[in-house]
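Heads up, the thing below is written out as structure tokens.
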């Protein structure tokens, strides 16, 4: 079963949360171990400094939680400064073994600042890490910039790789959260848009397909009732024709629901002509569209279907004339019927659906009514 868009978004966000936490766990674990134990080489480690480490992790967690809720944390800059202060205190108190805590400064910068400023914080963190690692004396756990020690290429390379890898990991984890969140929400919006478009398509297709047929059914039913007493054979013929129309509608409905049937101008024109003639309307067709794309042909097919539906539903027409032609970089279609019913208010759903279909292929719709005639004209650029 396919997940609903909301479920897809929720599942993706959960995955992003897990990824963000997992990618930052190494830095958090190193912070706690280097602060509370000397097993990893942090000679100045002391459990007395663990409260500072937990405060640091708490501040960082506050920024993470704010990002998960898509909120800009209040006083984000001050929170970041407090994190920097905790890192400085830990390094001064426990020694350079806790230098890895600077990686959380880079991650916090990604949460607290705009992207460009966050990148600057990342680069500054890497620079501080590398210079501090090279300048520090691991034996006395202090810094000695005047010792005159010459650093080998291996020293510089090792600390540079450690600084870049250590700082970039948590930084990217922080950025990953917002990026995946945006992508997930965009995906959900696209799926909702697609679902909405499908609902609109289905609504239009059902209106176009069933509207015309049901109007013909109603008309034939009324005619059969009127003929029942004075001309039973004719009434039976209308009922037989009504059964034929309903059978055709039943066969077309699954196609509309499944994928929507592709309309063709030639097929829809012939179909509309047959239905209208059965309803007692004199149909006259003139001209041809010429060679058009399948999209334009389909759109004009729907126009003919909707126009015929409107004739049955919104007029007492006795004559319907359709003219088609092409030239000057466009194709045009004009449908005119007599005896339109009076109609006020906004355009109906049929005309609105027709307008949407034609807009998709660069076409436009114009209508004109003078009380005696109703004219629908469509033009599409080719």
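The table below lists the values:
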item	result
Qualifying residue in the range 344-358 (condition: touching a helix residue (DSSP H, G or I) at 6+ places or on another chain (Cβ under 7 Å) and farther than 19 Å from residue 202 by Cα)	no
Residue within the range 204-211 that is out of contact with any helix residue (DSSP H, G or I) (no Cβ under 6 Å at 6 or more places or on another chain), at pLDDT 75 or above and not assigned by TED's automatic domain parsing to the domain that holds residue 120 present	no
Condition met for residue 33 (modelled with pLDDT of 80 or more and within 41 Å of the chain's Cα centre (by Cα))	no
Among residues of the range 359-380, those that are at negative phi and touching a helix residue (DSSP H, G or I) at 6+ places or on another chain (Cβ under 9 Å), counted	11
Conditions (1) at pLDDT below 85; (2) out of contact with any strand residue (DSSP E or B) (no Cβ under 7 Å at 6 or more places or on another chain); (3) within 25 Å of residue 34 (Cα to Cα); number of the one not met by residue 121	(1)
Tally, over the range 262-271, of residues that are at pLDDT below 85 and either over 24 Å from residue 362 (Cα atoms) or surrounded by 17 or more Cβ atoms within 10 Å (Cβ to Cβ) (or both)	3
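The values are calculated or read from the model by the stated rules, or taken from the named source; none is laboratory data. For clarity, every value in this text was computed on a predicted model and none was experimentally measured. Note: ideal-geometry Cβ built from the backbone for every residue, glycine included; neighbour counts use all protein chains shown.
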